[in-house]
1. Return the pairs, sorted by first residue and then second, in which the second residue is part of a helix (DSSP H, G or I) and open to solvent by 40 Å² or more (accessible area, probe 1.4 Å), the first residue lies in the range 89-112 and is within 13 Å of Phe180 (Cβ to Cβ) and touching a residue at least 60 places away in the same chain (Cβ under 8 Å), the beta carbons are less than 7 Å apart, and the residues are 6+ apart or on different chains.
2. Looking at (1) touching a Leu at 6+ places or on another chain (Cβ under 9 Å); (2) of a type outside the set (A, V, I, L, M, F, W, C); (3) over 18 Å from Glu44 (Cα atoms), which one does Glu102 not meet, given that it meets all the others?
3. Against the definition (in a strand (DSSP E or B), at pLDDT below 85, farther than 15 Å from Tyr122 by Cα and not polar (S, T, N, Q)), how does Glu69 come out, yes or no?
4. What do you reckon, is Phe180 open to solvent by less than 50 Å² (accessible area, probe 1.4 Å) and either closer than 16 Å to Glu69 by Cα or not in a strand (DSSP E or B) (or both)?
5. Looking only at the range 16-47, which residues are at pLDDT 75 or above, outside any helix (DSSP H, G or I) and open to solvent by less than 70 Å² (accessible area, probe 1.4 Å)?
Amino acid sequence: MVKSSLRIRTAILLAISIITILFLVFMFFYIKRQFFVTRTEITEDVMIEKITNIGKLELVKYSMKDVIEKKVSRPILPDKRILFVASGEVTGCIDLTKVKKEDIKSGVDSVTVFLPKPEICYSKLDHQKSKVYDLTGVFLPADRQEMIEEIYKLAEQRILQNARELNILQKTEENALLIFKPLMENIAGKKVGIRFK
């Protein structure tokens, strides 16, 4: 009787111990998951610093500054936040190597030249003029480096995207008309029409 009572108590204690351990393991993984859940927010204000017209293959250059803030929200630790001022330039051009003999149509008193569509020659971030102004909520050097690398990559993408949104290709096309048409008319001695393929 005593032995069976002891066995029942041991079995109950063992069951309670197993349930408690399972509950603690579950809580550990649940809290760990909640601890590392993050949300990312990005805000920015873009300003065109200068628009430069160029007369060779490169027909327009946008020099820009972009203020970018990236915030990673965390439930328990303070939010990670970086404020970055990006400075860069994007250049629009027309590739004259794509112009073939059949793209120039000559009439009695006029010439029509078919130019390739404008394209972005390059976009680059000026690392000397770009600067991290504020970095908070980052405790480990590896986290700091990761935040800085991510903001630089984001800034490079945003400079290019902002130039597209500010119609750099249209401005390149307009400058092609302003620069090439008078030049071609002086060379040909005829009225020149510019078209884009």
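1. Final answer for the pair search is Val111/Met184; Val111/Ala188.
2. (1)
3. Spelling it out, it is not the case that Glu69 is in a strand (DSSP E or B), at pLDDT below 85, farther than 15 Å from Tyr122 by Cα and not polar (S, T, N, Q).
4. So Phe180 fits the description; yes.
5. Answer for the range 16-47, where residues must be at pLDDT 75 or above, outside any helix (DSSP H, G or I) and open to solvent by less than 70 Å² (accessible area, probe 1.4 Å): Glu44, Val46.
The values are calculated or read from the model by the stated rules, or taken from the named source; none is laboratory data. Values in this document were obtained by computation on a predicted structure and should not be read as measured data. Ideal geometry is used to build each Cβ from the backbone, glycine not excepted, and the neighbour counts take in all protein chains shown. Protein only, heavy atoms only, side chains kept; ligands, DNA and RNA dropped before computing areas. Shrake-Rupley method; radii C 1.70, N 1.55, O 1.52, S 1.80 Å.
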